[in-house]
Structure formats: structure tokens, C-alpha cells
1. Rounded if a/c is under 1.5, else prolate if a/b beats b/c, else oblate: with a ≥ b ≥ c from the C-alpha gyration tensor eigenvalues square-rooted, which is region 103-195?
2. For region 131-205 and region 258-328, compute the distance between their C-alpha centroids and round to whole Å.
3. Once both axes come from the Cα atoms, what is the angle between helix 17-31 and the longest principal axis of the chain, in degrees from 0 to 90, rounded to 10?
4. Please give the helix 133-156 orientation as an angle from the longest Cα principal axis of the chain, in degrees from 0 to 90, rounded to the nearest 10.
5. Order by neighbour count: 245, 293, fewest other Cβ atoms within 10 Å first, most last.
6. Quick one: pull the percentage of alpha-carbon pairs in the chain with a separation above 31 Å.
7. Could you work out how far helix 165-175 tilts from the main Cα principal axis of the chain, as a 0 to 90 degree angle to the nearest 10?
8. Would you mind giving the three semi-axes, in whole Å and largest first, of the ellipsoid equivalent to region 199-375 according to its Cα gyration tensor?
């Protein structure tokens, strides 16, 4: 049996995008016949639920301290030296993820890397005109360090998994990577958890009133690139047109205070409801309670493959998404409509259009569910990943 060590440096006790993908991949690679070890940091008393068939390898860390990441990588290298030797190392790239690379090179073990975004953008290192000269220099030095580390890792990786076509093209050009070792494998969804449910029952379960107004819903982090303020502006525009609806926002983030102030300014506390974060087990319930689900993201050169999109599709909800790379699939599938990114007016038009097409909602939902069943289950994502291992390693793989 071939052995794979999957490594993550994020908090796996939180149900967010990175842990969900890593845990799901580990689970289904195990079901495909690999011996999977999941190596993760642990600095809280809460222990994560490791998927069945996966061997959990926690690395204990202090609960506080700015050098926690360095301690993790020092302990990680030591742990890799004592674990049964892997046939493959797999991890998501980050500026500090150098210790498994060094170990893999010494042990002559092929390693594969996941890339989900442009690192300097994710770490807020893009310079602004308002930055002082000192701040610009500091950002440049950090970006330069990231460039050197990423180039070292990606040039030596046996294979690289990107979640969007745009990321693949960006990194190939930036680091002059070989195209044959770079593949796009998008995100997926747990079809058993996210599934269609009776709308009236789930609304009763969570106490959501049914007053006849269309219910719009958003799930995700409250960050600038999500375009949540565009949703609020769109609801205001619709109210001015006499089209009344309710918008439920689930999640937390850096823009929450600004968004709440916007709702207060527009006097729309009854139309826009902030739910805060909800337990992961309740996400399918809330999604099924929505009439229409929203993905109003702003343009990004990295493109998108958001978990929420596949979760909406799996719950058979009609969707409105902005027409940015990765989200055009909504209209292509006939699972909803696309709106112009960054345009509340266009978003309002799309919402009004979809409200008027209520008789098509079930068919839109059916098309979306059928798509994820065929192409976006975590099992299919694991199968594509396994096929990439075999194709890349060739004769080394049985």
C-alpha cells in the first residue's frame, strides 16, 4: 500500500475552506487505497475529528506566541524523520512551508503542492499609493522573500495542483514552470451533507419567518472581495423599485462593522439580517431555507473556485453570481444568472429577473445538483488527484 503524508499548517478545528478541502481529500484518498497520515498543528484543547481511515498526527504547540509557526516547522521536520517513510508528501503552499520540502529532498520523496491564491495578495502585501516609503519597502522585501521561497518549492515539486485556470497560468508565467506538472483541480462538496431539503421544514427548524418575501442568502467571510456591500446596495435599489425581499448574511469578517453601518444608514434592518457565524452542521439547513443564493464576488486575477458555490449547487438552490472567472458556470449550467461584477444595479436587475422566474427555480436547482454529482463531489476530486499522482510519477507508481 502506498503511503501519503498530507500536511497542513492551519487550525483544523475551524470549519473553513482549507481544513475542509484537506480533510475531504485525506478521507477519499484513503478510500482509494492509500495509507493517509494527516499532519496538523494543535494548540487548543479541542481535538479535530479525523476522517475514518485517516491516521491523525498532531503536532502540539503553545497556545500563544509569535514564534509558534517556527516551532511547528521545527517539530514537523523532526516528526517526518520518525514517521514511516511516505511515498508522497502533499501540502498547501505557504511562505513558511519549507521544512517538508527540505525533508522530501533529503529523503528523495516526491512532493505535491496545492495553490489556492496569490500569496502576496492573501497576505495583504500589495502596495498602495497611500503607503509610506518605509511601508512600501517592507512590503517589497516580504514579497521578494515569498518569491524566492515559492520559486524554490514550485521548481522542485513533482506536481502542482491549482484550483483555478487563472492561477495556473499566472504561476506558470511567473516562475516559468513546466505546464505538464501543473494541473487544475477545483474545489468540491460533500454531497451527503449538502443536499436538497424541504424549505418549509428547515425554515421552521431555524425559526425563519415566511412572510411571502423572497429570501436571499449569502454564506462566507465578510471581506472586501466578496462584494457584500453590492448586495446591500442592490436590496436598497430593489426597495426603491417596490420589489421587497430579505437578505440573510451568514459569516464574520473585517468588513462587518462597515456593512452594519451601511444597513443602519439605509434604515434596512428589517430587509438585511446579519446572522453571524453558524455551526457548520447547520449550513445546509440555512442554504436550503434561502430562495436564492448569492455569490457577488469582485474581479480577481486569480479567478475563483469557492466552496460556497458548490454547496449552493449541491443544495439545489438557484444562484446569482457575478460574471468573474470561475463563476460563469452558473449561467452556463442554467443554474441561475450572472450579474456584472462591482455593479449593484446589475445585481439588482439579476435578483429581480430571478424572482420573476420563480417557476424555473426547481429546474435550476436540479441542474446544479446534477452537475456537482457528476463533477464536484470530494470523491471525484480525490480521484482526479490520484490520477495526477499516477500520471506525474509514471513508472514509479504501480
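1. Details: a/c = 2.20, a/b = 1.35, b/c = 1.63.
It comes out oblate by the Cα gyration axes.
2. Region 131-205 and region 258-328 have Cα centres separated by 21 Å.
3. 60 degrees
4. 60 degrees
5. Numbers: 245 19, 293 29.
Result, fewest neighbours first: 245, 293.
6. Working: 33008 of 79003 pairs.
For the chain, the share of Cα pairs beyond 31 Å comes to 42 percent.
7. For 165-175 against the chain, the angle is about 40 degrees.
8. On the way: eigenvalues 92, 71, 56 Å².
Values for region 199-375, descending: 21, 19, 17 Å.
Coordinate-derived values only; no laboratory data. As the structure is a prediction and not an experimental result, all values here were calculated from the model. Backbone-built Cβ (ideal geometry, glycine too); neighbour counts: all protein chains shown.
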